[in-house]
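The numbers here are math on the coordinates, done by the rules we state, and not lab data. Predicted, not measured: the structure shown is a model, and the values here were computed from it. Using ideal geometry, Cβ is built from the backbone for each residue, glycine included, and neighbour counts are taken over all protein chains shown.
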Amino acid sequence: MLSYRHQFHAGNPTDVFKHAMLTLLLQALARKPKPFFMLDTHAGVGRYDLEHPWSAKTGEWRDGIGRIWGREGAPPELAAFLAAVAAENPDGQLRRYPGSPVIARRLMRPEDRLALFELNADDRAALERTFRGVRKTTIQGTDGFAAVRALLPPVERRGLVFIDASFDQADEFQRLLHAIADSLARFASGTVAVWHPIMDRAAMGAFAASIQALKPPKTLQLELTTRPDDWAATIPGSGMIVVNPPYRLDAEAAPALDWLWRGLTNGGAGGWRAGWLVAE
Ligand SMILES: C[S@@+](CC[C@H](N)C(=O)[O-])C[C@H]1O[C@@H](n2cnc3c(N)ncnc32)[C@H](O)[C@@H]1O
């Protein structure tokens with residue numbers, strides 16, 4: 001049963017973190033001339049209307065992109081992310097927010113291939129409208145986790161597996177571990193980026209240890225929290241595990257995360273991290 005709808009959460013602080021990191025990953029891949037492949041296992045709607053009643057109901061975006069939009073002094077590492085948001089809001093008034101498929105296609109070149117998976121039929125219909133006639137972009141309504149097994153390795157032999165699960169199932173962390181293992185088994189040189197909410201630190205420590213036990217190649221751990229660790233009303237923040245990160249992703253993420261944290265923190269709570277979970 002699919003209960004999660006991203007429209008309620010689009011543009012919130014964890015989305016801003018996730019999408020800012022996604023732009024760094026994509027720009028790094030596009031620096032080399034050879035075409036690359038991106039698998040977006042949980043694509044969502046593509047772009048979000050912040051005036052939608054579901055967005056208005058939670059108001060989550062106001063604590064996320066709402067605080068960043070128009071703020072001075074962003075480092076160059078955030079230029080592509082902010083440009084992607086600006087492209088959705090040509091009159092300068094923040095009304096729309098890009099999701100991972102729209103951000104990805106914007107930063108991918110015509111020769112790069114994008115495969116989108118989305119189980120929800122309504123969300124998929126919106127994706128189909130957005131990407132109708134767009135070359136090298138496919139949309140499928142089957143399980144994104146199964147796609148990791150079905151689509152890897154890509155013919156391009158370069159690429160990104162982006163896993164942004166909805167965490168509406170009890171075993172989601174376990175499924176992420178399997179997906180990382182599946183991706184490594186089929187596409188050892190590929191980059192895998194896995195977004196996750198930050199739960200209690202003991203659970204997070206266990207998740208990190210389970211990833212290390214897979215003996216992956218170099219793995220970067222990115223985090224941004226804007227609430228204290230014991231914040232129970234929602235989640236304090238989120239993280240992204242990046243297996244096989246592109247060269248210098250750690251160095252590029254640091255100024256971006258620092259600036260985002262300064263804009264998004266609630267009274268100085270939380271913090272950020274761009275450190276190695278598995279060093280070379
Ligand atoms: C967090 S949202 C995705 C947001 C999107 N990646 C973005 O950044 O704009 C998760 C999406 O995954 C979809 N979903 C849930 N389980 C899925 C599965 N097993 N395979 C594919 N899509 C799934 C949900 O319907 C939801 O739209």
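Each pair of Cα atoms in the chain enters the Kirkwood radius, and Stokes-Einstein at 10 °C and 1.306 mPa s then converts it into a translational diffusion coefficient of 85 µm²/s. With neighbour counts taken as other beta-carbon atoms within 10 Å, the residues LEU82, LEU29 rank, fewest first, as LEU82, LEU29. Lys/Arg Cβ at +1, Asp/Glu Cβ at -1, dipole of region 6-278 taken about the Cα centre: which of ASN12, THR137, LEU22 is farthest positive-ward? Value: THR137. Close amide H partners of ARG158, meaning residues 5 or more places away or on another chain with modelled amide H under 5 Å apart, are PHE37. Across region 118-131, rounded Karplus estimates of 3J(HN,Hα) from the backbone phi angles (6.51 cos²θ - 1.76 cosθ + 1.60, θ = phi - 60°) give 8, 7, 6, 5, 5, 5, 5, 4, 5, 4, 5, 5, 5, 9 Hz, Gly and Pro being marked x.
Mean sequence separation of contacting Cα pairs (under 8 Å, at least six apart), scaled by the length of the chain, corresponds to a relative contact order of 22 percent.
Based on DSSP H segments of at least four residues, each scored -39500 (n - 2.57), the chain has a per-residue ellipticity at 222 nm of -11500 deg cm²/dmol. Applying a DSSP loop filter and a limit of 15 other Cβ atoms within 10 Å to the trypsin sites (Lys or Arg not before Pro) in region 199-266 leaves LYS218, ARG248. Working note: Cα gyration tensor of region 189-280, eigenvalues times five, square-rooted, sorted largest first, giving semi-axes of 23, 17, 9 Å. Taking the charge dipole of the chain about its Cα centre, with +1 at Lys and Arg Cβ atoms and -1 at Asp and Glu Cβ atoms, the residue from THR234, ALA274, GLY263 reaching farthest to the positive side is ALA274.
Hey, for a label at ALA279 modelled as a point 7 Å past Cα toward Cβ, could you say which residues of region 226-261 have their backbone N under 16 Å away? So the set is 248, 250-251.
Evaluated with a Cβ-only charge set (Lys, Arg +1; Asp, Glu -1), region 6-278 carries a dipole of roughly 1000 debye about its Cα centre, given to the nearest 20. About its Cα centre, region 181-229 has a charge dipole of approximately 160 debye under the convention of +1 per Lys or Arg Cβ and -1 per Asp or Glu Cβ, with nothing else charged. Ranking LEU50, PHE36, SER100 by Cα position along the charge dipole of region 1-117, where only Lys, Arg, Asp and Glu carry charges on their C-beta atoms, puts PHE36 farthest toward the positive end. Cross-link reach is defined here as a Cα-Cα straight distance under 27 Å, omitting same-chain residues fewer than 8 places apart; for LYS136 the lysines meeting it are LYS18, LYS32, LYS34. The 3J(HN,Hα) values that the Karplus relation (6.51, -1.76, 1.60; θ = phi - 60°) gives for region 63-79 are, in residue order, 8, x, 4, x, 8, 8, 4, x, 6, 6, x, 5, x, x, 5, 9, 4 Hz. Gly and Pro appear as x.
Phi-derived couplings, Karplus 6.51 cos²θ - 1.76 cosθ + 1.60 at θ = phi - 60°, listed residue by residue for region 245-259: x, x, 3, 6, 4, 4, 5, 6, 5, 4, x, 5, 5, 4, 5 Hz, with x used for Gly and Pro. Among the GluC sites (Glu not before Pro) within region 50-122, those in coil by DSSP and having at most 13 neighbouring Cβ atoms inside 10 Å are GLU51, GLU72, GLU111.
The dipole here belongs to region 111-157: it is taken about the Cα centre, uses +1 on the Cβ of Lys and Arg and -1 on the Cβ of Asp and Glu, and is about 180 debye. Extending 7 Å from the Cα toward the beta-carbon at both ASP168 and GLU72 defines two label points whose distance is 4.3 nm.
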